[in-house]
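Chemist: Dropping the structure in here first, questions after.
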Amino acid sequence: MTIGWHFDNSYSKLSKTFKEDIKPTPVHEPELVILNEELAKNLNLNFSGIDKKKLAEIFSGNSLPDGTNSIAQAYAGHQFGHFTMLGDGRAVLLGEHIDNKNQRFDIQFKGSGRTSFSRGGDGRAALGPMLREYIISEAINALNIPTTRSLAVVKTGEKVVRENLLNGAILTRVASSHIRVGTFQYIAATQNLEDLNTLVDYTIDRHYPEIKSSKNKALDLLSLVMEKQCQLVINWMRVGFIHGVMNTDNMTISGETIDYGPCAFMDQYDPKTVFSSIDKFGRYAFSNQPPITKWNLARFAECLIPLIDKDEDAAIKIATNLIDNFQNIYEEKWLNMMRDKLGLFGEDKDDLTLINKLLDWMKNNNADYTNTFCYLMGVDFDDEIYKNEGFKSWINEWQKRVKLNNSSDTYLELMKKNNPFIIPRNQKVEEALADADKGNLETMNKLLKVLSNPYSDQKNIIEFQKPAPIGNEKYQTFCGT
Ligand code: AMP
Ligand code: MG
């Protein structure tokens, strides 16, 4: 029986500026931890007849599928505002798998050994962070938010040295591509216009074929990427997701969420929420995500200047006008997204005030972002906070506005499509990871199951809905190195 791999490796055929040809470094004693059978099925892959030992060989890179041509991709990035030449320092792209619908997916190993881009790093990853990426990326996908996916995690049987000795692991990541804003920055930094044109054409071919024959491809690409990334950040704001490390190397051109290092979901609503231990000044705080998206897009625009217009001043003017419009586009989309969360059809002139009043109330009362919307959808949390007079009077105003709806759908139907009952609560994720590290996968599997259906009001899930108790030590996340 065959697995069904069908590799066609277009990126590896680009010139050597774009990548290093390299194989994953074999590992000592791989052991399969988790395989995403549902995702495998979507990709038309079938692993059912294969024993665990062989699966571990496959997903560790010890035994490579036929048709792969593995590479480490070159990219650069602004990390916390500082420009650095980077690249896949601990990842290799096996190749692009084509499914039955002719869709192309990158199949990448993360944690697969050193490459020429590793700088001081060991090229490896630890089990906790790889499972964390698995859990949260799959949760984001279930929330209907574009994201890279996680196909499998193996333990390598080797230790990695961090502050402590940790179990080594490799994640198999699936993405519509790994082309980043930073990929453009890398090529732009080499000042080779031919390579830059190649990258623009390659990207358009792969992600935006509708502008293949447009007059100003670079400008149209910028505009489409802006739309995609704007929509992405709107989705993050909708569910209270804080990416945590929105460096330009972690922003995809496809508009998929990528790089689940220090990300986490917000409990109590506070726009200043930051979880990442290294984000000392809150650059990537919850409410900073939209302006940072714009900032990153401006870096993308800079790469494209030579292709937008031969006259540099004219090119800068055109690109600046486009990027300056981000704020308007974002605000309009955000307002509509919040209307959806509140079950409001149509537009009323007081909608923005109504929405901001609720957010202020949540902030002033330490109300949980997710659960407040669940409460409005009729979930009774038996929480004193929702008996608060201020909240009751806000509900009155809201109900008056709901009465203005003019739609065949009910307000509740709209709310249920936009407000999750379940998000990956930080303490539940930590509990699952701690058990998995000890070899007990039950906690994680249970969590994954609940997270796979976030928009349905499942029974007996209250333990997964509770925020971390207020007053506990502040939750902190770390980059997944
Ligand atoms: P990240 O913080 O995961 O976005 O990674 C930023 C950069 O550091 C990328 O170029 C990674 O490939 C590289 N990197 C992260 N961890 C390691 C590691 N353990 N060994 C080598 N390179 C790494
Ligand atoms: Mg990264």
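Chemist: Give the residue that is nearest to the chain's Cα centre (by Cα), with candidates limited to residues of the range 338-353 that are closer than 10 Å to Asn405 by Cα and open to solvent by less than 10 Å² (accessible area, probe 1.4 Å).
Modeler: Among them, the one singled out is Gly343.
Chemist: Inside the range 73-92, can you point out the residues that are within 7 Å of ligand 1 (Cβ to nearest atom), touching a His at 6+ places or on another chain (Cβ under 9 Å) and more than 16 Å from Lys16 (Cβ to Cβ)?
Modeler: Ala91
Chemist: Quick one: Ser116 ticks every box in (1) away from ligand 1 (no atom under 15 Å from the Cβ); (2) among the small types (Gly, Ala, Ser); (3) over 21 Å from the mean Cα position of the chain (by Cα) except a single one, so which number is it?
Modeler: All conditions are met except number (1).
Chemist: Let me ask something else about it. Just need a number here: residues in the range 395-408 that are closer than 15 Å to Lys341 by Cα and in contact with a helix residue (DSSP H, G or I) (Cβ under 7 Å, 6 or more places away or on another chain).
Modeler: Number satisfying all stated conditions: 4.
Chemist: Can you tell which of Gly244, Gly255 is closer than 28 Å to Lys416 by Cα, away from ligand 1 (no atom under 16 Å from the Cβ) and assigned to a loop (DSSP other than H, G, I, E, B)?
Modeler: Gly255
Chemist: From the list Leu93, Leu64, Leu55, which residue is within 16 Å of ligand 2 (Cβ to nearest atom), modelled with pLDDT of 95 or more and either surrounded by 19 or more Cβ atoms within 10 Å (Cβ to Cβ) or in the same structural domain as Ser118 (by TED's automatic domain parsing) (or both)?
Modeler: That would be Leu93, the only listed residue that is within 16 Å of ligand 2 (Cβ to nearest atom), modelled with pLDDT of 95 or more and either surrounded by 19 or more Cβ atoms within 10 Å (Cβ to Cβ) or in the same structural domain as Ser118 (by TED's automatic domain parsing) (or both).
Chemist: Going by what's in this entry, would Leu297 be described as assigned to a helix (DSSP H, G or I) and touching a residue at least 60 places away in the same chain (Cβ under 8 Å)?
Modeler: yes
Chemist: A further question on this structure: Find the helices (runs of 4 or more DSSP H) located wholly in the range 342-418 whose residues include 3 or more that are free of Cβ contacts under 8 Å to residues at least 60 places away in the same chain and polar (S, T, N, Q), and list them.
Modeler: Correct list: 351-364, 389-402.
Chemist: Here's a check for you: in the range 4-32, which residue that is assigned to a loop (DSSP other than H, G, I, E, B) and touching a helix residue (DSSP H, G or I) at 6+ places or on another chain (Cβ under 8 Å) is most open to solvent (accessible area, probe 1.4 Å)?
Modeler: My answer is Pro26.
Chemist: Another question about this same structure. Quick one: would you say Ile3 is of a type in the set (Val, Ile, Thr) and in the same structural domain as Asn102 (by TED's automatic domain parsing)?
Modeler: For Ile3, the condition - of a type in the set (Val, Ile, Thr) and in the same structural domain as Asn102 (by TED's automatic domain parsing) - is not met.
Chemist: Something else now. Among the residues of the range 39-52, which ones are without any contact (Cβ under 8 Å) to a residue 40 or more places away in the chain and either open to solvent by less than 60 Å² (accessible area, probe 1.4 Å) or not in a loop (DSSP other than H, G, I, E, B) (or both)?
Modeler: Lys41, Lys52
Chemist: Any idea which residue in the range 227-248 is nearest to ligand 2 (Cβ to nearest atom), counting only those that are open to solvent by 10 Å² or more (accessible area, probe 1.4 Å) and over 11 Å from the mean Cα position of the chain (by Cα)?
Modeler: Top of the filtered list is Lys228.
Chemist: Which residues, counting only those in the range 452-479, are open to solvent by less than 20 Å² (accessible area, probe 1.4 Å) and out of contact with any Pro (no Cβ under 6 Å at 6 or more places or on another chain)?
Modeler: Scanning the range 452-479 gives Ile461, Phe464, Gln465.
Chemist: Examine the range 169-178 for a residue that is part of a helix (DSSP H, G or I) and touching a helix residue (DSSP H, G or I) at 6+ places or on another chain (Cβ under 8 Å), and state whether such a residue exists.
Modeler: No, there is no match, as no residue in the range 169-178 is part of a helix (DSSP H, G or I) and touching a helix residue (DSSP H, G or I) at 6+ places or on another chain (Cβ under 8 Å).
Chemist: Every residue in the range 96-141 that is within 13 Å of ligand 2 (Cβ to nearest atom), assigned to a helix (DSSP H, G or I) and either open to solvent by 10 Å² or more (accessible area, probe 1.4 Å) or at pLDDT below 95 (or both), please.
Modeler: Pro129
Chemist: Quick check: is even one residue across the range 180-187 within 16 Å of ligand 2 (Cβ to nearest atom), open to solvent by 20 Å² or more (accessible area, probe 1.4 Å) and either assigned by TED's automatic domain parsing to the domain that holds Ala126 or touching a Phe, Trp or Tyr at 6+ places or on another chain (Cβ under 6 Å) (or both)?
Modeler: Yes, the range 180-187 contains a residue that is within 16 Å of ligand 2 (Cβ to nearest atom), open to solvent by 20 Å² or more (accessible area, probe 1.4 Å) and either assigned by TED's automatic domain parsing to the domain that holds Ala126 or touching a Phe, Trp or Tyr at 6+ places or on another chain (Cβ under 6 Å) (or both).
Chemist: Right, something else. Between Asn356, Asn366, Asn418, which is within 33 Å of the chain's Cα centre (by Cα), under 20 Å from Met237 (Cβ atoms) and open to solvent by 70 Å² or more (accessible area, probe 1.4 Å)?
Modeler: Selected residue: Asn366, the only one of Asn356, Asn366, Asn418 that is within 33 Å of the chain's Cα centre (by Cα), under 20 Å from Met237 (Cβ atoms) and open to solvent by 70 Å² or more (accessible area, probe 1.4 Å).
Chemist: Output the number of the condition that Lys217 fails; it satisfies all remaining conditions of (1) open to solvent by 40 Å² or more (accessible area, probe 1.4 Å); (2) at pLDDT 95 or above; (3) not assigned by TED's automatic domain parsing to the domain that holds Asp309.
Modeler: (3)
Chemist: Another question, then. As an exercise: evaluate His82 against (1) away from ligand 2 (no atom under 15 Å from the Cβ); (2) of a type outside the set (Ser, Thr, Tyr); (3) open to solvent by 40 Å² or more (accessible area, probe 1.4 Å) and give the number of the one condition it does not meet.
Modeler: Among (1) away from ligand 2 (no atom under 15 Å from the Cβ); (2) of a type outside the set (Ser, Thr, Tyr); (3) open to solvent by 40 Å² or more (accessible area, probe 1.4 Å), His82 violates only (1).
The values are calculated or read from the model by the stated rules, or taken from the named source; none is laboratory data. As the structure is a computational prediction, the values presented were derived from the model and not from experiment. Positions of Cβ are generated from backbone atoms using ideal geometry, with glycine treated the same way; all protein chains shown enter the neighbour counts. All accessible areas refer to the heavy atoms of the entire protein, side chains included, with ligands and DNA or RNA removed. Shrake-Rupley method; radii C 1.70, N 1.55, O 1.52, S 1.80 Å.
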